[in-house]
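Bear in mind these aren't lab numbers, they're just calculated from the coordinates by the rules spelled out. Small disclaimer: the values here were computed from a predicted structure and weren't measured. For neighbour counting, all protein chains shown are included, and Cβ atoms are generated from backbone atoms with ideal geometry for every residue, glycine included.
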Amino acid sequence: MAVQHDSTGAGQARTDRFLLSLGRLLDDAGLIVESDVLARYSCDWTGKDRCSPLAVARPKTVDELSRVLAYCHEHSWPVTVQGGLTGLCGGATPRSGEVALSLERLAAIEEFDANADCMTVQAGVTLARVQEIALQQGMSFPLDLASRGSCTIGGNIATNAGGNRVLRYGTARNLVLGLEAVLADGRVLTSLGTVIKDNAGFDLKHYFIGTEGTLGVVTRAALRLYPEPADRLTVLASTTSFSQLRGLLATLRRRLGNRLVAFEAMWDSYFECVLTTLGLTRPFANGYSHYALAEVELLEPEHDRRSVERVLSDCLEKGEIGDAVMSASCADATRLWQFRESAGEMLSRLAPAVGHDVSLPMAKMDVYVETVRARFERELPGGVCVAFGHLGDGNLHFLTALRTAEDAEALDSIVYGELPAGGSISAEHGIGVSKKNWLKVSRTQTEIDLMRGLKAHFDPRAILNRGRVV
Ligand SMILES: Cc1cc2nc3c(=O)[nH]c(=O)nc-3n(C[C@H](O)[C@H](O)[C@H](O)COP(=O)(O)OP(=O)(O)OC[C@H]3O[C@@H](n4cnc5c(N)ncnc54)[C@H](O)[C@@H]3O)c2cc1C
């Protein structure tokens, strides 16, 4: 395999020649080499392992992007693919000598097709922009994450992002009708069909969904839209046990059906931490052991609102929940969502802090959380470990403020080591670099070997996100 770059005179001359030729493949604003600007592309949202790339290539067209990759492939030069850099496991963080390939200038909305309930966009567009354009047309793109203002559709697809409404609409995989990807050697694979049923041979788009940019660079996507409901309602409810929380989810599902689109769980440790760290106003007079934030889509607002009220008052009467509050306006809903969506901000204020996102069968969740917390307090005292998650999908997050950054590895051993059978070390954020050593907890050796085989087939010179995932 050819050399990446070295610091000898000859190595530097080769690097200079490489960059000069790379720059010629792009327009004037297409290649960044100035060190002060490169710093912006030096790590993902975690801020960990910061490392400025050798240069940033910012193609403005798919053709330019294809030529950049063909050239890097020819020279076996490693490339880090970057979207909005909101990833949480180091996948988009460059390593020394790598060229960062940013999708930020490939951010157009190309087509809105109301007849096919579909929108075709370039991969660098932010999720918030896609949601906004869909809404302007009376439609909804239901993927929704707290990082919506910065994360890109390409990043969402590459990580098979989940988020708040997976319960009803599934992950990014369920919302991609077709896509275009550029392979490591620069070949463009365009598969932008918009029909839902298409069984003509292999459905190749899935190779690029959730594979974290290791098999190709997503450049365009045809996204599936749904009608925007007449209104939305947010409920914050509290319970005195985890089993009550599960019971509330079951009741809401049974009585509201598909209108229930989100059900987020927060353990008291999380809730108290978010209240104090961010100075939010306590919503209930009493404290409870668990809290749920639910979102309901209202098709007939008055009627559906009354249905939700009836369900909640029945639960209150039977003592199945402790307290509940319903949003009366958009501002109210935003205020209630703050309790859940401030998790990212809380993480950034709790340094040294780490986040984990695992999934496991709901029936095992309570015991798992208590086991992790007990071991954390016993083995790594002096920190704070709080739990919350997208309960409807069996997705659990831990946010942990450590006494010292050196405890991070021991914490991983507790969180991943205690996972019961059927659990996953990554519910949604992916593997990237930070979870690579733990992949064997969730995948068999046969699965890992097959992943490595696919990587070698798609990217024989391992230029794309080298060393990530497998
Ligand atoms: C506050 C906060 C809340 C979050 N909530 C959620 C959540 O609820 N659910 C969830 O799933 N995630 C969540 N995340 C994680 C993150 O937002 C998602 O993983 C998101 O999909 C990443 O998109 P991005 O554009 O920022 O990708 P980046 O961070 O830039 O990249 C992530 C990975 O995708 C690759 N990649 C990026 N673009 C492309 C492309 N065009 N083609 C191929 N590969 C590419 C990168 O190489 C990297 O491996 C959250 C993050 C934050 C900070």
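Listed values, structure above:
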read-out	value
Angle between the chain longest axis and helix 62-74 axis [Cα atoms, degrees, rounded to 10]	60 degrees
Pairwise Lys count, the chain - Cα closer than 20 Å, eight or more residues apart or different chains	7
Environment charge at S329 (Cβ cut-off 14 Å; Lys +1, Arg +1, Asp -1, Glu -1)	+1
Contour minus Cα-Cα distance for H206 and A114 (0.36 nm per residue)	30.7 nm
Coordinate range along principal axes, alpha carbons of the range 100-211, Å, largest first	37, 36, 26
J(HN,Hα) series, the range 278-295, from Karplus relation 6.51 cos²θ - 1.76 cosθ + 1.60, nearest Hz, glycine and proline x	9, x, 7, 7, 5, x, 10, 5, 9, x, 10, 7, 9, 9, 10, 10, 10, 10
Rule-of-thumb Rg ratio for the chain [Cα; 2.2 N^0.38 Å; N residues]	1.01
Helical mean residue ellipticity (222 nm; -39500 (n - 2.57) per DSSP H run of 4+; nearest 500) of the chain	-10000 deg cm²/dmol
Charge dipole (debye, nearest 20) of the chain; +1 at Cβ of Lys and Arg, -1 at Cβ of Asp and Glu	660 debye
Gyration tensor over alpha-carbon atoms, the range 13-52, equivalent ellipsoid semi-axes in Å	24, 12, 8
Most to least packed among 88-94, 235-241, 281-287, 425-431 [average Cβ atoms within 10 Å]	88-94, 425-431, 235-241, 281-287
Share, in percent, of DSSP beta bridges within the range 32-159 that are antiparallel, nearest 5	45 percent
Angle between the chain longest axis and helix 301-317 axis [Cα atoms, degrees, rounded to 10]	60 degrees
Projected-area average for the range 1-101 over all orientations - Cα convex hull basis, square nanometres	6.5 nm²
Relative packing of peptides 326-333, 69-76 - highest average C-beta neighbours within 10 Å first	69-76, 326-333
Whole-Hz couplings from phi, Karplus 6.51/-1.76/1.60, listed for the range 353-358; x for Gly and Pro	10, 9, x, 10, 10, 10
Derived scalar couplings ³J(HN,Hα) [the range 22-31; Karplus, 6.51 cos²θ - 1.76 cosθ + 1.60; whole Hz; x for Gly, Pro]	4, x, 5, 7, 10, 6, 4, 8, x, 10
Dipole of the range 361-470, positive direction: furthest Cα of I431, L464, H397, with charges on the beta-carbon	L464
Semi-axis lengths (Å, descending) of the ellipsoid that matches the C-alpha gyration tensor of the range 206-315	31, 23, 14
Extreme residue, positive dipole direction of the range 53-142, given options Q136, G97, V121 (C-beta unit charges)	G97
Euclidean distance between Cα centres, the range 202-226 to the range 124-190, Å	9 Å
Separation in nanometres of the label points that stand 7 Å from Cα toward Cβ, at A331 and K440	5.7 nm
The range 384-450 - Debye-derived log10 I(q)/I(0), Cα point model, q = 0.18, 0.24 Å⁻¹	-0.77, -1.27
Estimated Rh, the range 227-285: Kirkwood, alpha-carbon pairs, angstrom	13.5 Å
Point-charge dipole on Cβ atoms (K/R +1, D/E -1) for the range 170-245, about Cα centre, debye to 20	60 debye
Efficiency of FRET between F284 and T8 - r from beta-carbon atoms, R0 56 angstrom, step 0.05	0.25
Extended-chain gain in nm, criterion 0.36 nm per residue less alpha-carbon gap, I196 and S35	53.4 nm
